[in-house]
Amino acid sequence: MITNTKYPFVSMTKMLADAKKGKYAVAHINTNNLEWTKAILTTAQETNTPIIIGLSEGAAKYQCGYKTVAAMTAAMIENLKITVPVVMHLDHGSYNACIEAIEAGFSSVMFDGSHEPFADNYKKVNDLLSIIGNRDISLEAEVGTIGGEEDGIVGNGELADPAECEKIAKLPITVLAAGIGNIHGLYPENWAGLNFEQLQKVSSVIGNIGVTLHGGTGIPDDQIKKAIELGVVKINVNTECQVAFQEATRKYVEEGKDLDTVKKGFDPRKLLKPGYEAIKAKILEKITLFGSINKA
Ligand code: 13P
């Protein structure tokens, strides 16, 4: 196995196998900027927690591309003396984005072919596995779209077809994202909840690998715990951290702290600090719920 020597990232392979054995889930937190990545890294380090940093194509574009994010994150790991395992993962990538992220030094990619005919999805997953070859880079595949909208990719929230899950899981993928009634973003009032029967069916046909639960925002704690019991090993969270950041920043501004010229409340390092602390608190809440603290 050739490890990714360019940067100090690990793949999800061992991390998620350990989670499956230990019956907990690893948090995948989407990053949006430097403050986000710093909040993710420091919270993971302070709690001895393995962590997956997820980057969507849109967030990559915003942050000047995969190379910028990979290099910045690697430098931050060194500067902050982070010793817990960190996965640098592409979230919902197209085929070309997966290749670009791998070339930029990512240790993990998700190919989202869920909106394509299954045969095309399957073929592209297989092709990407050949491109990865014997490098220690993990691959997440998706079957059955996740509801809601994420960076322009809109899904109807179909349930994954267990036969397709079984077929794709025979390829050496690391983890499978399967639609089980989950939705990206905030859940509507009339959301039916996770479909545990579907999750059970999927888990029973995918062998040793686990399931990724996308749309981690706003799922009640008891449903998260049940999902982990039924084979979820990775839970993606983005919107909840964004809302936590927004609320804390709003409070700072509404209290007029940005207008304090004596304390230089306008300094972005001060203006963004409450939001940064709020992201950290939200991540701590999630990794506590997911059971991954002290599992580094
Ligand atoms: P939320 O924004 O709903 O937390 O979903 C995040 C996600 O699934 C990223 O892939």
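Cβ-Cβ under 7 Å, sequence separation 6+ or interchain: first residue in the stretch 205-221 and in contact (Cβ under 8 Å) with a residue 12 or more places away in the chain, partner more than 15 Å from the ligand (Cβ to nearest atom) and of a type in the set (Ser, Thr, Tyr). Which pairs?
Ile209/Thr174; Val211/Ser203
If I ask for residues that are under 19 Å from Ala104 (Cβ atoms) and either part of a strand (DSSP E or B) or more than 14 Å from the chain's Cα centre (by Cα) (or both), which ones from the stretch 7-50 would you list?
Passing the criteria: Tyr7, Pro8, Phe9, Val10, His28, Asn30, Asn33, Leu34.
Which numbered condition trips up Pro220, out of (1) modelled with pLDDT of 95 or more; (2) under 15 Å from Ala141 (Cα atoms)?
Unmet condition: (2).
Looking at the stretch 117-136, which of the residues that are among the basic types (Lys, Arg) and part of a helix (DSSP H, G or I) is nearest to the chain's Cα centre (by Cα)?
Lys124
Scan the stretch 204-238 residue by residue and report those that are assigned to a helix (DSSP H, G or I) and open to solvent by less than 30 Å² (accessible area, probe 1.4 Å).
Result: Ile224, Ala227, Ile228.
Can we say Lys295 is open to solvent by 70 Å² or more (accessible area, probe 1.4 Å) and touching a strand residue (DSSP E or B) at 6+ places or on another chain (Cβ under 9 Å)?
Working: open to solvent by 70 Å² or more (accessible area, probe 1.4 Å): yes; touching a strand residue (DSSP E or B) at 6+ places or on another chain (Cβ under 9 Å): yes.
So Lys295 passes the test.
So which residues in the stretch 168-185 are under 19 Å from Asp222 (Cβ atoms) and either open to solvent by less than 10 Å² (accessible area, probe 1.4 Å) or in contact with a Ser or Thr (Cβ under 6 Å, 6 or more places away or on another chain) (or both), if there are any at all?
Scanning the stretch 168-185 gives Ile180, Asn182.
Scanning the stretch 52-72 for residues that are open to solvent by less than 20 Å² (accessible area, probe 1.4 Å) and in contact (Cβ under 8 Å) with a residue 60 or more places away in the chain, which turns out farthest from the chain's Cα centre (by Cα)?
Ala70
Tally up the residues in the stretch 76-116 that are more than 15 Å from the chain's Cα centre (by Cα), in a loop (DSSP other than H, G, I, E, B) and under 21 Å from Thr212 (Cβ atoms), please.
6
Answer yes if at least one residue in the stretch 65-75 is over 25 Å from Leu159 (Cα atoms) and outside any helix (DSSP H, G or I), and no otherwise.
Yes, there is a match, as at least one residue in the stretch 65-75 is over 25 Å from Leu159 (Cα atoms) and outside any helix (DSSP H, G or I).
Of all residues being polar (S, T, N, Q) and open to solvent by less than 60 Å² (accessible area, probe 1.4 Å) in the stretch 239-292, which is nearest to the ligand (Cβ to nearest atom)? Just the residue, please.
Applying the filter and picking the extreme gives Thr239.
Looking at Ile183 and the list (1) farther than 16 Å from Gly54 by Cα; (2) within 15 Å of the ligand (Cβ to nearest atom); (3) at pLDDT 90 or above, which single condition is not satisfied?
(3)
The values are calculated or read from the model by the stated rules, or taken from the named source; none is laboratory data. Model, not experiment: these values are computed from the prediction. Reconstructed Cβ throughout: ideal geometry from the backbone, glycine too, with neighbour counts over all protein chains shown. To get the accessible areas, we keep the full protein, side chains included, count just its heavy atoms, and leave off ligands, DNA and RNA. Shrake-Rupley method; radii C 1.70, N 1.55, O 1.52, S 1.80 Å.
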